[in-house]
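The values are calculated or read from the model by the stated rules, or taken from the named source; none is laboratory data. Note that the structure is a prediction, hence the values are computed from the model and not measured. Cβ sites come from the backbone with ideal geometry, for glycine too, and all protein chains shown count toward neighbours. SASA here: full protein model, heavy atoms, side chains in, ligands and nucleic acids out. Shrake-Rupley method; radii C 1.70, N 1.55, O 1.52, S 1.80 Å.
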Amino acid sequence: MKNILVIEDEQAINDLIKEMLKAEGYQVDSAYDGLQGMFLFKENKYDLIICDIMMPHMDGYEVVKKIREEDKYINIIMLSALDQEYDELKGFDLGVDDYIAKPFSSRLLIKRVNALFNKQQNNKLKDDLKKIFRE
């Protein structure tokens, strides 16, 4: 089972995302600010982080920067009401895998989450095959 951390300060949105992902069979933890998100990240193993930008105590850009310092490979989706090109570029420059602007389609979010996990699985299979044929 894949573990996902949702870091979103708006409780209604956080709860909605959490319930959608649980309905898809994912294990989901929630944080309501950047500091709480960093604490959970350091205490648990996650396969994906969905992170808002504008949050109290530590914004999403800082959260992503700190996570990338510790884990270069974890999947990260940035979710934000900031939908200017600059904001998206900054997110990608920090190493996010995807950027979704609010308001968002719940079906689209699920598709993007599943696509990241499928891509990750395909990359792992390719790496495993490369190892087998090198031996």
Looking at region 82-102, which of its residues are free of Cβ contacts under 8 Å to residues at least 12 places away in the same chain and part of a loop (DSSP other than H, G, I, E, B)? Q84
Selection count where residues are within 13 Å of N14 (Cα to Cα) and open to solvent by 10 Å² or more (accessible area, probe 1.4 Å), scope region 47-67: 1
Of all residues being in contact (Cβ under 8 Å) with a residue 24 or more places away in the chain and of a type in the set (F, W, Y) in region 18-43, which is most open to solvent (accessible area, probe 1.4 Å)? Just the residue, please. Y32
Search region 1-17 for residues being open to solvent by less than 50 Å² (accessible area, probe 1.4 Å) and not β-branched (V, I, T), and hand back the single one that is farthest from I100 (Cα to Cα). N3
Residues satisfying the stated conditions in region 90-115, i.e. open to solvent by 20 Å² or more (accessible area, probe 1.4 Å), more than 16 Å from E10 (Cβ to Cβ), touching a strand residue (DSSP E or B) at 6+ places or on another chain (Cβ under 9 Å) and not basic (K, R): F92, L94, G95, D97, D98, L108, A115
Hits in region 70-89 - residues which are open to solvent by 30 Å² or more (accessible area, probe 1.4 Å) and either within 25 Å of M1 (Cβ to Cβ) or more than 15 Å from the chain's Cα centre (by Cα) (or both): E70, D71, K72, Y73, A81, L82, D83, Q84, E85, Y86, L89
Pick from I76, I13, I4: which is hydrophobic (A, V, I, L, M, F, W, C), in a strand (DSSP E or B) and in contact (Cβ under 8 Å) with a residue 60 or more places away in the chain? I4
Tally of residues being hydrophobic (A, V, I, L, M, F, W, C) and at pLDDT below 85 across region 84-104: 0
I'd like to verify a number: residues in region 1-49 that are among the acidic types (D, E) and within 20 Å of G95 (Cβ to Cβ), how many? 2
